[in-house]
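Take a look at the structure below.
The values are calculated or read from the model by the stated rules, or taken from the named source; none is laboratory data. All values reported here derive from a predicted model rather than from experimental measurement. Using ideal geometry, Cβ is built from the backbone for each residue, glycine included, and neighbour counts are taken over all protein chains shown. Note: areas computed on protein heavy atoms with side chains; ligands, DNA, RNA excluded. Shrake-Rupley method; radii C 1.70, N 1.55, O 1.52, S 1.80 Å.
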Amino acid sequence: MNTLRKLYSSGDSSKWPKPILDPESASSFVEIGHLPNVQFPDDNPYSEEKELLGKTLFFDPRLSKSNQIACASCHDPELGWSDNRTFSFGHDRQLGIRNAMSILNVAHAKSLFWDGRAESLEQQSQMPIQDEREMSEHIDIAAGKISKIKGYEILFEKAFGDKTATKDRISKAIATFERMIKSRSSKFDQFIDGKSEVYTNDELMGLHLFRTKAQCMNCHNSGYFSNSGFENVGTSLLGEKGEDLGRYLVTKKPEDAGKFRVPGLREISRTFPYFHNGSMKTLTEVIDFYSKGNPEYSQKRSTVHEGITLKSEKSGMVRMLELSDEEIAQLEAFLKTLTSKTENVSMPELPR
């Protein structure tokens, strides 16, 4: 235990014990560590004025058809930038069909939504506004409403140089704000930087298990704790109530049926429930699920969609691990160290 504590808190990850990886994950593997710096696209550079405009729009329900639903309705800063519901309520109290992912550290995601249908935050920011189940507003109408609000003119002028409010500028401003929603330094960050005393023995063993026996590192690696890929863990329920074809609906590739984006694990103790369908409420449930290798029922692995027979091919990396109750508790203890101190977010004053 003392040796592990010394190695992991050395400040040099090259001294850490070698991780246990499956061959299929080796090519995308990046060692866990600190979050990298946020990068902004060339066509949407950062400015404080643009961030403030984006924050104001993020909390403004007038982007929705009913003038009652804002981006923040499903991504509440006090609830881990999610809403802790299995499915969120949208326009006319309609339920969504997938769990609302937290947008914490979303700047580091390489694609957005559970199925990766958006390739950038600029693209993603318009989709909930137009989704009939969510905000149910045409983006051009939403932009028109904002352009008629006198108080927004100064915010657009400071952010973009003139008063014109367009859908492109709205999406760029919201994306700029979302890129700045990021974790503070966590206990994990402090520990690997040399503060060896901040970890309990259980947290330390959880870290070691995460990288070795539990093989979480196959998918949850890098400072973002995600390989930004898509995996099938056997939760698509093909042919049953709650069926979700996942990534297939975007790519139309049969091998993508039942695949979903690998979420980052920072702040994971705050962003429950888990999985695309919000089917698990606790980290203990999730770890036990993986420990047992998800014994997916054979009758829930096939469906016919638009005349095409699709089968769920669960990843070979999801298999029996036979973790003990103590090891499950240690993994959970480690995962909780990825949570940082909650930042108080002041609500913007909405323009009139």
Reachable lysines from Lys148, criterion Cα separation under 20 angstrom, eight or more residues apart if same chain: Lys50, Lys55, Lys65, Lys158, Lys163, Lys167, Lys172
The chain, accessible surface, carbon-and-sulfur percent (1.4 angstrom probe): 49
Only Lys, Arg (+1) and Asp, Glu (-1) charged, at Cβ; the chain dipole about Cα centre in debye: 140
Cβ-defined net charge surrounding Asn277, 9 Å radius [Lys, Arg +1; Asp, Glu -1]: 0
Under-5 Å amide H pairs with Gly246, H placed in peptide plane, nonlocal only: Gly258
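Suppose only helical runs count, i.e. DSSP H with n ≥ 4. What mean residue ellipticity at 222 nm does that imply for the chain under -39500 (n - 2.57) per run, divided by all residues and rounded to the nearest 500 deg cm²/dmol? Present the calculation step by step, with values, prior to reporting the outcome.
Values: 14 runs with 107 residues, N = 352.
Value at 222 nm, helices only, nearest 500: -8000 deg cm²/dmol.
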Long-range amide H partners of Ala118 with built H, under 5 Å: Leu112
Dipole of the chain, positive direction: furthest Cα of Gly229, Ser25, Pro61, with charges on the beta-carbon: Pro61
Distance from the stretch 162-213 to the stretch 60-110 (C-alpha centre basis), Å: 19
Per-q log10 I(q)/I(0), the stretch 203-259, q = 0.19, 0.22 Å⁻¹ (Debye; single scatterer per alpha-carbon; no solvent): -0.76, -0.85
Histogram of C-alpha separations across the chain, 10 Å bin width, %: 5, 23, 31, 24, 13, 4, 0
Karplus-derived 3J(HN,Hα), 6.51/-1.76/1.60, for each residue of the stretch 10-21, Hz, glycine and proline x: 6, x, 9, 5, 5, 8, 5, x, 5, x, 9, 10
Residue-normalised accessible area of the chain, expressed per residue, 1.4 Å probe, Å²: 48
Phi-based couplings in Hz for the stretch 266-272 (Karplus 6.51, -1.76, 1.60; Gly and Pro marked x): 5, 6, 4, 6, 9, 10, 6
Amide H within-cut-off set for Asn277, under 5 Å, with H built and near neighbours excluded: Asn99
Percent of Cα pairs exceeding the 18 Å cut-off, where the set is the stretch 28-135: 54
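Compute the normalised compactness of the stretch 134-218: alpha-carbon radius of gyration over 2.2 N^0.38 Å, N being the residue count.
Details: Rg = 22.8 Å, N = 85, 2.2 N^0.38 = 11.9 Å.
Taking N as the residue count of the stretch 134-218, the ratio is 1.92.
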Sequence-distant aspartates and glutamates (8 or more away, or on other chains) whose Cα lies within less than 16 Å of Lys150: Asp60, Asp162, Glu349
Geometric extent, Cα atoms of the stretch 218-352 - Rg, Dmax (angstrom): 17.5, 59
Highest average packing first - 34-45, 108-119, Cβ atoms within 10 Å: 108-119, 34-45
Residue-wise HN-Hα coupling along the stretch 156-167, computed from phi with Karplus coefficients 6.51, -1.76, 1.60 (Hz; x: Gly, Pro): 5, 5, 5, 7, 10, x, 8, 7, 5, 9, 10, 5
